[in-house]
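See below for the structure under consideration.
The values are calculated or read from the model by the stated rules, or taken from the named source; none is laboratory data. Here the structure is a predicted model, which means the values were calculated and not measured. When we count neighbours, we look across all protein chains shown, and the Cβ atoms used for this are built from the backbone with ideal geometry, even at glycine.
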Amino acid sequence: MHPILVLFSIAILPVLVLLLVSTNHKPYHNGHPLPPAPWPRLPLIGNIFWYSPNIASLTAVLGRLHNSHGPVVSLWVGNKPAVFLDCHEITHKALTQMGTIFAHRPTSWFEGVNSHGINSTTYCGRWSLLRRNLSSHLAAVQHATDALRSSIDGLVKNLESAVAGTEGGVIAPSEPFRHAMFSFFSALCYGKQVDEDVLASLRDLHAEIISLIVELDAFHLMPALLKLVYYLPKWRKLLSAQRRHHVLVTALISACRKQPEKVAGCYVHTLLGLGLGEDEMVSLCWEYMNASVKTTTTALDWIMARLVLHQDIQQKLRMDIAERPSGNLVPCCEPRPRRPFLEAVVVEALRLHPPAHYLLAHTTDKDVILDKYAIPKGSIVNINLANIGRDATLWTDPNVFMPERFMEGGEGSNVNCISGAQTTTKMLPFGAGRRACPGAAIALTVLQSFVEELVKWFQWEPLERGLMEEPSIDMIEKQGIVTEMRIPLRTRLVVRQH
Ligand code: HEM
């Protein structure tokens, strides 16, 4: 045979074999069309990895699929479709009208730190018990002003010394934000201010474990076969980090157990009453810290970035705060007085920059029809909630930061992003329906309290253009489990005279 033909056969053969073995993209399930998906897809592997090997590329891939096929599309994870919704009406139907059907979570064979968490528990009695327990704990600590005060004071001090130690007061506040959030939520989780060195070890372990977990896997978007390939080389490191986390958290739990009286506002104490095993308690503490810190820190980064960018809104907010009684000095356990403009700034930032762009993976325990498409039992179902908040058919000038839209009479004034049973899903930074975030109310309180104090104590200014040879502020996103700022916030901080 001619050498060119031989070379051609060698090059073309694998493609032909691939096409032959590739699963025929049967577009129907029990007589109903399946959500459109790109082709080809391979047995056991599917095609998600082919099109989107990481979370960073997922949004772009899905954007192209939605553009050509509409609001319901799919990619295949092994032999399961991962269905993505990009339309607020269909989302509303799935999460609220068909809420119980889509309230399940996919299962995983991977026994990790998260495996006993509320978020990974399927929709059943255990989930309901744990979720009710967390919700009542969070409602009880909603006005835990002592812990809040102490974390905010610590943050203000940290920022003041950072400013004093730099030329021109230029600082990167994200790390101090994270430290303050970690200290606040750990105080609620373990019932007291955790010692600084233990806190530092816990923070490092969280960072280490998260860096070892593949982001696609966090959304159940990794075919089992690839999981094996990815995790095998990291297995020992992951097990070691999880073991060290287990030891540290068990010690904190034991300290709570030894306390003679139940400490009010301590999550671990509520868990002790439920008769859970040690692994379950460690996993629930991991979830508590993991679900709360990264999301609130990321939200605070975006809010403060917006206030740096929009000096007029920062000034208006400062004046509004000065005119009303302080929300953060109310005695413990009393509700904060309402501050509509502060609330509007926080909610507008969450609309434009929700920390999570996707929900956690949902699934169904039976075959269902959604918007004419068949969703087979066990499919992964997810929603691009960031697109809904920026949808031009729902919001005027959706890309403009305009807190006034959430003030009385504004187009967002009837939006309630806390309640699970939302009547509208015009924005859903915390999800909606049965699985909506149980931490939404406390997250909003914490964010409002932090922003109030940060604006009172400091003037947040942009860096002068050209001075640092970088734009004053870069609002481009870095996609991940949470969507952070691609270039972490840097600002010139001026301590205000009181
Ligand atoms: C700005 C802060 C936060 C944001 C943006 C946020 C967002 C979310 C989102 C989008 C979900 C997924 C909903 C779904 O899959 O349908 C979720 C679930 C969850 N969040 Fe949050 N969250 C925040 C803070 C918190 C806090 C402070 C806690 C607890 C201390 C918390 C605990 C949870 C838990 C346990 C779940 C799983 C609920 C379930 O599966 O039933 N979150 N959150």
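Restricting 273, 265 to those that are more than 27 Å from the chain's Cα centre (by Cα) and of a type outside the set (D, E, K, R) reduces the list to 273. Among the residues of region 130-146, the ones that are more than 12 Å from the ligand (Cβ to nearest atom) and more than 14 Å from residue 447 (Cα to Cα) come to 3 in all.
Please identify the pairs in which a residue from region 177-199 that is farther than 16 Å from residue 153 by Cβ and of a type outside the set (Gly, Ala, Ser) has its Cβ atom under 7 Å from the Cβ atom of a residue that is at pLDDT below 95 and not in a helix (DSSP H, G or I), counting only partners at least 6 apart or on another chain. If the second residue must be at pLDDT below 95 and not in a helix (DSSP H, G or I), the pairs left are 188/144; 188/265; 190/266.
Residue check: residue 148 meets all listed conditions (1) in contact with a strand residue (DSSP E or B) (Cβ under 7 Å, 6 or more places away or on another chain); (2) in a helix (DSSP H, G or I) but one, namely (1).
Applying a threshold of 9 Å to beta carbon distances and a minimum spacing of six or more residues, or different chains, the list of pairs starting in region 133-145 at a residue that is at pLDDT below 95 and buried (at least 16 other Cβ atoms within 10 Å of the Cβ) and ending at one that is among the polar types (S, T, N, Q) and not in a helix (DSSP H, G or I) reads 145/328. If I ask for residues that are hydroxyl-bearing (Ser, Thr, Tyr) and assigned to a loop (DSSP other than H, G, I, E, B), which ones from region 70-126 would you list? 100, 107, 108, 115, 120, 121, 122, 123 - these are the residues of region 70-126 that are hydroxyl-bearing (Ser, Thr, Tyr) and assigned to a loop (DSSP other than H, G, I, E, B). Taken over region 253-281, the criterion of being in a helix (DSSP H, G or I), within 16 Å of the ligand (Cβ to nearest atom), closer than 22 Å to residue 140 by Cα and not polar (S, T, N, Q) is satisfied by 267, 268, 269, 271, 281. Taking region 94-111 as the region of interest, how many residues are within 11 Å of the ligand (Cβ to nearest atom) and within 20 Å of residue 289 (Cβ to Cβ)? Number of matching residues: 1.
Surrounded by fewer than 16 Cβ atoms within 10 Å (Cβ to Cβ) and either in contact with a His (Cβ under 6 Å, 6 or more places away or on another chain) or touching a residue at least 60 places away in the same chain (Cβ under 8 Å) (or both) - does that describe any residue in region 232-244? Looking for residues that are surrounded by fewer than 16 Cβ atoms within 10 Å (Cβ to Cβ) and either in contact with a His (Cβ under 6 Å, 6 or more places away or on another chain) or touching a residue at least 60 places away in the same chain (Cβ under 8 Å) (or both), one finds none in region 232-244, hence no. Part of a loop (DSSP other than H, G, I, E, B), within 16 Å of the ligand (Cβ to nearest atom) and either at pLDDT below 95 or out of contact with any strand residue (DSSP E or B) (no Cβ under 7 Å at 6 or more places or on another chain) (or both), is that true of residue 284? No. With respect to residue 114, is the statement that it is touching a Lys or Arg at 6+ places or on another chain (Cβ under 8 Å), within 16 Å of the ligand (Cβ to nearest atom) and not charged (D, E, K, R) true? Against the criterion (touching a Lys or Arg at 6+ places or on another chain (Cβ under 8 Å), within 16 Å of the ligand (Cβ to nearest atom) and not charged (D, E, K, R)), residue 114 does not qualify. Is it the case, given these coordinates, that residue 400 is at pLDDT below 95, assigned to a loop (DSSP other than H, G, I, E, B), more than 14 Å from the ligand (Cβ to nearest atom) and of a type in the set (A, V, I, L, M)? Answer is no for this residue.
What do you reckon, is residue 425 within 24 Å of residue 477 (Cα to Cα) and more than 16 Å from the ligand (Cβ to nearest atom)? Taking the combined requirement at face value, the residue does not satisfy it. So which residues in region 149-165 are more than 17 Å from residue 181 (Cβ to Cβ) and surrounded by 13 or more Cβ atoms within 10 Å (Cβ to Cβ), if there are any at all? Once the filter is applied, which keeps residues that are more than 17 Å from residue 181 (Cβ to Cβ) and surrounded by 13 or more Cβ atoms within 10 Å (Cβ to Cβ), region 149-165 yields 160, 163.
All conditions but one from (1) out of contact with any Leu (no Cβ under 7 Å at 6 or more places or on another chain); (2) crowded, with 23+ Cβ neighbours inside 10 Å apply to residue 399; the one that does not is (2).
From 175, 167, 196, grab the single residue that is modelled with pLDDT under 95, more than 14 Å from the ligand (Cβ to nearest atom) and closer than 18 Å to residue 491 by Cβ. Step through it out loud before you land on a result.
Details: 175 fails: modelled with pLDDT under 95; 196 fails: closer than 18 Å to residue 491 by Cβ.
None of the others qualify; the one that does is 167.
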